1. Spelling out what I want: for every residue of the range 136-151, take phi, set θ = phi - 60°, compute 6.51 cos²θ - 1.76 cosθ + 1.60 (Karplus), and round to whole Hz; glycine and proline get x.
2. Near the amide H of Leu181, under 5 Å away, which other amide H atoms are found, from residues 5 or more places off or on another chain, if H is placed in the peptide plane?
3. Hey, what's the per residue convex hull volume over the C-alpha atoms of the range 22-346, in cubic angstrom?
4. Take the Cα radius of gyration of the range 60-157 and divide it by 2.2 N^0.38 Å, with N its residue count; two decimals is plenty.
5. Name the residue, out of Gly258, Gly77, Gly325, whose mean-square fluctuation peaks in a Gaussian network model built on the chain with Cα pairs under 10 Å.
6. Which one of Ala318, Met48, Met161 has its Cα pushed farthest toward the positive end of the charge dipole of the chain, where Lys and Arg give +1 and Asp and Glu give -1 at the Cβ?
7. Please report, in debye to the nearest 20, how large the charge dipole of the chain is about its Cα centre when each Lys and Arg carries +1 at its beta carbon and each Asp and Glu carries -1 there.
8. Between Thr320, Thr245, Thr37, find the one with the highest GNM mean-square fluctuation for the chain; connect C-alpha pairs within less than 10 Å.
Amino acid sequence: MNTSIGTIGNASPLTADAHPMIDPFGRAVTYLRVSVTDRCDFRCTYCMAENMTFLPKKDLLTLEELDRLCSAFIAKGVKKIRLTGGEPLVRKNIMYLVRQLGAKIGSGLDELTLTTNGSQLARHAEELYDCGVRRINVSLDTLNPDKFRKITRWGDFDKVMEGIDAAEKAGLKIKLNAVALKDFNDAEMPDLLRFAHGRGMDLTVIETMPMGEIEEDRTDQYLPLSALRADLEKLFTFTDIDYQTGGPARYVRVTETGGRLGFITPMTHNFCESCNRVRLTCTGTLYMCLGQNDAADLRSALRASEDDALLHTAIDEAITRKPKGHDFIIDRTHNRPAVARHMSVTGG
Ligand code: SAM
Ligand code: SF4
């Protein structure tokens, strides 16, 4: 039987069995990424096929259910939640969830943040800040409007710039994320770096990961960050720093700009040994690793009872299956990506 021992904000009661989540390799799980929708108003070529099939809306958890799930994770020791997608800001009424979760900051939750393509940021920036969000990641692969249209297929560069301006004005701290793409934005990286640092934003570059079927061949796009780093070091001086944001990025300080540059290298360096995160989809499926197919269904436990005991048991069971690390090996025999689902399902 569950014994209530307290309440986290307006979340579900903290129960006696809500012990912290420690995986079989001794890693504490304190970071939850929530993909609130698999839909998006862009079709980035490395992320999605142009004619993507999305989940039927009826399969989605309601925002109230997502809130309850997040609350269960907070009760079990999650300190940081990142909302992602698809594009989180295209989910209808998403600010309801942001407000609910924001109310838990300081009562179990330390930080609520989101990763966005920036397209809807101009109209949501102030409210995000008002709900307690202080830092956001904006994905931006190029500063050239024509190339931006090419890589996002449907994106409008000016709208994203307006979003960045509005977020800055609202007081949100922005980090830019750029996927490094061979023969697309490699030559432009120095400009992207100067742009970000010139506006006081960190920049993180990411290697493309083989997730989900897309039209292009990912091996054509793949650029190892070691090569990018070597190129950038012809122009800039880097000093390794041990700055941490709770994520897998390894940072350097750039002498010439004074700013920080992060490298996320899932393909060339495995960053799994310090992994503290799990990923929840908008249907209540929990992925214990971005780069593996194993998953746990939390929706059934969520809907089976209003009491969270079953849910906590399902979460505990899932955490015992958190693998040591990912593989991300492209299946060259069948020319298939290592992980069948698209990044937009689990949100990067
Ligand atoms: N729509 C939001 C955005 O673009 O920021 C959030 C979701 S998006 C899936 C999260 C991040 O994953 C983005 O920075 C995107 O560039 C990155 N991404 C998508 N597909 C990727 C892939 N196959 N390899 C590496 N990064 C990828
Ligand atoms: Fe949408 Fe983000 Fe994927 Fe681009 S990377 S298609 S913006 S989910």
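The values are calculated or read from the model by the stated rules, or taken from the named source; none is laboratory data. Nothing here was measured: the structure is a model prediction, and the numbers come from that model. Cβ coordinates were reconstructed from backbone atoms using ideal geometry, including for glycine residues, and neighbour counts include every protein chain displayed. Note: accessible area is taken over every heavy atom of the protein model, side chains too, but ligands, DNA and RNA are not part of it. Shrake-Rupley method; radii C 1.70, N 1.55, O 1.52, S 1.80 Å.
1. For the range 136-151, the Karplus-derived couplings read 9, 9, 10, 8, 8, 9, 7, 9, 9, x, 5, 5, 4, 5, 5, 7 Hz, x marking Gly and Pro.
2. Result for Leu181 returns Asp186.
3. Numbers: hull volume 42.3 nm³, N = 325.
Enclosed volume per residue, from the Cα hull, is 130 Å³.
4. On the way: Rg = 14.8 Å, N = 98, 2.2 N^0.38 = 12.6 Å.
This ratio for the range 60-157 stands at 1.18.
5. Looking only at Gly258, Gly77, Gly325, the biggest GNM fluctuation is shown by Gly258.
6. Most positive-ward Cα: Ala318.
7. On the way: 45 positive and 48 negative charges, 76 e Å.
Result for the chain is approximately 360 debye, rounded to the nearest 20.
8. Between Thr320, Thr245, Thr37, it is Thr245 that shows the largest mean-square fluctuation.
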